[in-house]
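Notes follow once the structure below has been shown.
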Amino acid sequence: MRVQEEEARRRRGKLKVFFGAAAGVGKTYAMLEAAREQRDDGVDVVVGFVETHGRVETEALLQGLEVLPSRSVEYRGSTLRDLDLDGALARRPTLILVDELAHTNAAGSRHAKRWQDVDELLAAGINVYTTVNVQHVESLNDVVAKITGVVVRETVPDSILEEADEVELIDLPPDDLLQRFKEGKVYVPELAEEALRHFFRKGNLIALRELALRRTAERVDAQMRVYMREHAIEKAWPAGERLLVCLGPSPASARLVRAAKRMADRLGAPWIAAYVETPQQTRLPQAAHDGVIQTMRLAEQLGAQTMTLSGQRMSEEILAYAHTHNVTKLIVGKPTRGLWKRIFIGSIVDALVQGSGDIDVYVISGEREPTPAVTPVRQRAIPTDWVAYARAVVAVALATGVAWLMSPFSELSNLVMVYLLGIVLVAMRQGRGPSLAASVLSVGAFDFFFVPPRFTFAVSDVGYLLTFVVMLVIALLISGLTLRVRAQAETARERERRTAALYAMSRDLAGIRGRGELVGAVTRHVQETFGAPTQILLPNETGRLEAPIGAVPSPAYPLDEKEQSVAAWVFGRGRVAGAGTDTLPAATGLYVPLIGSTGIIGVLGVRPTDPKRFQDPGVLHLLETFAGQAAVALERTLLAERAQREQVEIEAERLRTSLLSSLSHDLRTPLGAITGALSSLLEDRGTMSEATRRDLLQAALEESQRMNRLIGNLLDMIRVESGTLSVQRDWQPLEEPVGVALIRLEDRLRDHPVHVRLPPDLPLVPIDGVLIEQVFINLLENAVKYTPSGTPIEITATAVDGAVRVDVADHGPGLPAGEEARIFEKFYRVPAATATGGVGLGLTIVRGIITAHGGRIWAENRPGGGALFRFTLPLSGPPHVGVPAEAEVA
């Protein structure tokens, strides 16, 4: 893993950040000076974008440096200049200068922030020099706001500074910086006066300078810890820390996240941001849910692991998770409830402190300025759903009817149970508001219909008032518990649904081998889970992403050039982009890279109907989990296909080698004999007798026929291997191919008597006569080659169930034990003294022809000695056309 990380880092460009406390300290000036030094050393340096703010000294340093033309963007009636990212990637210099890292790009740009442009340049292997001020660091955003009274909107994730290869602090004392302001060397005079009155006061500059120095010192300390870890130097801390910050719908949660990030950096510890979804939280307005999602995304950007927990009490779930995951420090916000609410209702902070045990609890104060309070959606308790409330009234009426039937022979306490049963049913089916209404109506109905005096709300016994109160309290408790169980069941069902979806896809993918079927299964499961059109894009031979051929279903939505470019960007960078993200948000689809063990193998595309849904880290993580499973399955398929191709290449190479070896030997012998015979005839001066001349011509003819058979076998083998062997079957007697084979081999069979026994009642066989003739020729030649002269060869045929079985037997030495199946392999030859050589393809061709006819062939040793080859020919084929009567008479 470390080797892979080092390799990825080696391919990535180097980032150097010129870091300062405020504008005007000389970051851009120092960056340009360093760039000029690199240019003088022969480095290819290009100025991508530099903002001089009209400073003469800065503009002078630009002289002599290549400046990349900026990109013009029309925005709200004005023309803005910005970095031309595509131009920079096309120019591909060794080093590029990009000023103001925290800048926000104009609408319509590929990335929302300039730091994302820089990240893409680094991923392309281009070194980058950039500048940033301390107030733009995301984790320090709220601290800077408290110091200066100004909320900085343009921020940079801390990970950019943490992953930078070099951070150079550009420091300037506050007095010198203020003097530069007064001299107009930072901003134009009008802007400088405004800045001096607000942001750039001396006290602010001192505090910002301290933040910049501390941040730089923390980076140096982190580098030292990395060095100690890499060199196995014992750490100063005997045990590691783990932080957990508790998030909620409060706007102050973002401040908790930033505080946790700073604490985690100081401790060098991992940290977790957890949000507990209680039944009360589910009733929050949509704006509060969106705020929670944004806070969790902020935590992820700052390097936290985000978790969404479910439970009845936030404190119990937080403590259970903290104890399970060895959390050492909890970070929570200061309680906002009043004293009396804390006494009677309780406080999350108090519950965490009491149950924390050895875990330290840090309480962080919230913002002092007023923030809008987040309250549950009360209108849900108002009777807007009249059907549900009507059903509650009907349930109370039914309970009253049942109680009325029971009243003559039952106590009043039993009647109360009937009403409680009705309340439970309403709470299970209709929700909180109807269950509360049913509780109140049940007490009123019980009083009106059953408590003396009946049919009035008056009571004769004051003790019944306590009964009413207890009945109402019990009804409310039962309805509350029922609603709580219902909420837990819904949460469990949602978790079960997600788990079942992942399990179902894993189970389906485990049994699929074809790429098209696998892609179809993945897209089907993702679409069923997220309710959005889905497709998988894989690179073709040219590297362009497209839906693989044979995938079912077909592409869920069309890919225009815009969507294609977004998918290609994700494939090249390995990061999520598209709808609902900060990268290329104008796309209609959301694209997730399919990352396997060997790298990025494709892209999973989803076109959401509501992009905000995928801004929820839990939903996005689930989609990434699906993508991870799909990547593993696709990688397995791709590796299997690659292994199959390699095996085919190995077999082809082995075939090529064997062919060359066989041809070099088996063709040289007949060619040598033919050449010798013909050269002797040509050089004859009349001294050679007629018998000798005839013998030489006969030898040349036999060797040429031998070579012809050899080449014929090679051509037949190519037809068998390539699958182009065409079988033209026709019903005919088996005697025909046997007779033709014997005639063609008449000369070679002179020393081997052949006994043919074909029963007269042997049925016609659907065969290709030419191919079956070749089968008999190869089998007979094989018998002649491996048996002594004078030994007979026998050919018999027998009708068996639905087929004809043919036996070709000899009286030679037989087959080596255990080699009965191998003799049909390509280039396999049994060593024998009587063998005259060969390529070793004859029996392989025989097996291919018999297989093409639908039969099978095998070999075995005869009990009395010799080899026996048996093959079957099925009696199924084209329609059997009988011979006309006229032909039989003729």
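The values are calculated or read from the model by the stated rules, or taken from the named source; none is laboratory data. What you are looking at is a predicted structure, and each value in this text was computed from that prediction instead of being measured. Backbone-built Cβ (ideal geometry, glycine too); neighbour counts: all protein chains shown. The accessibility values were calculated without ligands, DNA or RNA, using every heavy atom of the protein model including side chains. Shrake-Rupley method; radii C 1.70, N 1.55, O 1.52, S 1.80 Å.
Couple of notes before you dig in:
- Packing around the peptides 386-392, 679-685, taken as the average count of other Cβ atoms within 10 Å per residue, puts them in this order, highest first: 386-392, 679-685.
- Largest-first ordering by accessible area, 1.4 Å probe, given options TYR503, TYR419: TYR503, TYR419
- Estimated distance in nm for a label pair at LYS182 and PHE449, the labels positioned 7 Å out from Cα along Cα-to-Cβ: 9.0 nm
- Of LYS182/LYS261; LYS113/LYS562; LYS202/LYS329, pairs whose Cα-Cα distance is over 30 Å: LYS182/LYS261; LYS202/LYS329
- THR692, THR52, reordered so the largest accessible area comes first (probe 1.4 Å): THR692, THR52
- Multiplying each eigenvalue of the alpha-carbon gyration tensor of segment 239-335 by 5 and taking the square root yields semi-axes of 22, 16, 10 Å, largest first, rounded to whole angstroms.
- Environment charge of MET263, counting only residues whose C-beta is closer than 11 Å and scoring Lys/Arg +1, Asp/Glu -1: +2
- Of the Cα atoms belonging to segment 466-530, the radius of gyration and Dmax stand at 21.9, 73 Å.
- For a label point 7 Å along the Cα-to-beta-carbon line of ILE206, residues of segment 126-156 with backbone N under 20 Å: 134-135, 143-150
- Protection proxy ranking of 91-103, 166-178, by the mean of other Cβ atoms within 10 Å over each peptide's residues and highest first, is 91-103, 166-178.
- Largest-first principal axis extents, alpha carbons of segment 449-602, Å: 93, 38, 28
- Normalised by 2.2 N^0.38 Å, where N is the number of residues, the C-alpha radius of gyration of segment 723-815 stands at 1.12.
- Contour minus Cα-Cα distance for TYR464 and GLU59 (0.36 nm per residue): 136.7 nm
- Of all aspartates and glutamates in the structure, those lying under 17 Å Cα to Cα from LYS612, and not within fewer than 8 positions of it along the same chain, are ASP290, GLU300, ASP582, GLU624.
- Rule-of-thumb Rg ratio for segment 1-153 [Cα; 2.2 N^0.38 Å; N residues]: 1.10
- Extension gain from GLU37 to LEU267, taking 0.36 nm per residue of separation minus the Cα-Cα distance: 79.0 nm
- Estimated FRET transfer efficiency when R0 is 60 angstrom, pair ALA351-ASP175 (beta carbons, to 0.05): 0.75
- Computed with a 1.4 Å probe over protein heavy atoms only, the accessible area of VAL56 comes to about 110 Å².
- Residue-count net charge about ALA438 - beta-carbon cut-off 13 Å; Lys, Arg +1, Asp, Glu -1: +3
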